[in-house]
Amino acid sequence: MSATRSDGELLRAIAADSDRHAFEELYRRYAPWLTARLRGRCADPSVVDDVVQETFLAIWRGKARYQQDRSTTGDAAGWLWRIGSRRLVDTLRGDGARGRLRQTLARLRHRDEASAEERVLSGVEHGDLAGALVRLSPELRAVLQATVVDGLTTREAAVLLGIPPGTVKTRAMRARKQLREALA
């Protein structure tokens, strides 16, 4: 019986040798966790299952590379979450997912009343919020994208953007303040 390998060891074995056993172990370790987290963001289990599969396929095919120079623990989970959450956002932005979402929302509400999501999206696309977002600096928009739209934690957003967590918090606070001022 072999000793349990660390996440880093598994990821290195997958990247270097296409080690199927390492991949299977990583999948068993993280697929249930990733599925549960993504289901918190998407109510359609088939979409979540597809996204989980696409996430692990990207790892197996080498399209997603883990940066091994991180010194803090839990980075593999954060890295997997970033891949999965981005794939979920991409899927939900696609026409097929958008159509499924509209069908689901239509079943849940009356056709003649606009949902809260539709009102917010309309404001984002056509209202004052769209203009206010465009006027934010790219750095502030990137923080809002990571933390609000993608739902990443401050720590995950920091890793994704390559900045310290304190900078993420400061930029998020500045972005919210500028949006409040622009929309007042």
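The values are calculated or read from the model by the stated rules, or taken from the named source; none is laboratory data. Just so it is clear, the structure is predicted and the values come from calculations on it, not from any experiment. Heads up, the Cβs are rebuilt from the backbone with ideal geometry, glycines too, and the neighbour counts pull from every protein chain shown. These accessible areas exclude ligands, DNA and RNA; they are computed on the full protein's heavy atoms, side chains included. Shrake-Rupley method; radii C 1.70, N 1.55, O 1.52, S 1.80 Å.
Below are the figures for this structure:
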item: Options G166, G162; residue that is free of Cβ contacts under 8 Å to residues at least 40 places away in the same chain and either touching a Gly at 6+ places or on another chain (Cβ under 6 Å) or within 21 Å of L80 (Cβ to Cβ) (or both); result: G162
item: Residue list for segment 14-53, filter: open to solvent by less than 70 Å² (accessible area, probe 1.4 Å), within 17 Å of R86 (Cβ to Cβ), touching a helix residue (DSSP H, G or I) at 6+ places or on another chain (Cβ under 9 Å) and not in a helix (DSSP H, G or I); result: C42
item: Extreme residue, surrounded by the most Cβ atoms within 10 Å (Cβ to Cβ), among residues of segment 141-184 that are among the hydrophobic types (A, V, I, L, M, F, W, C) and in a loop (DSSP other than H, G, I, E, B); result: L152
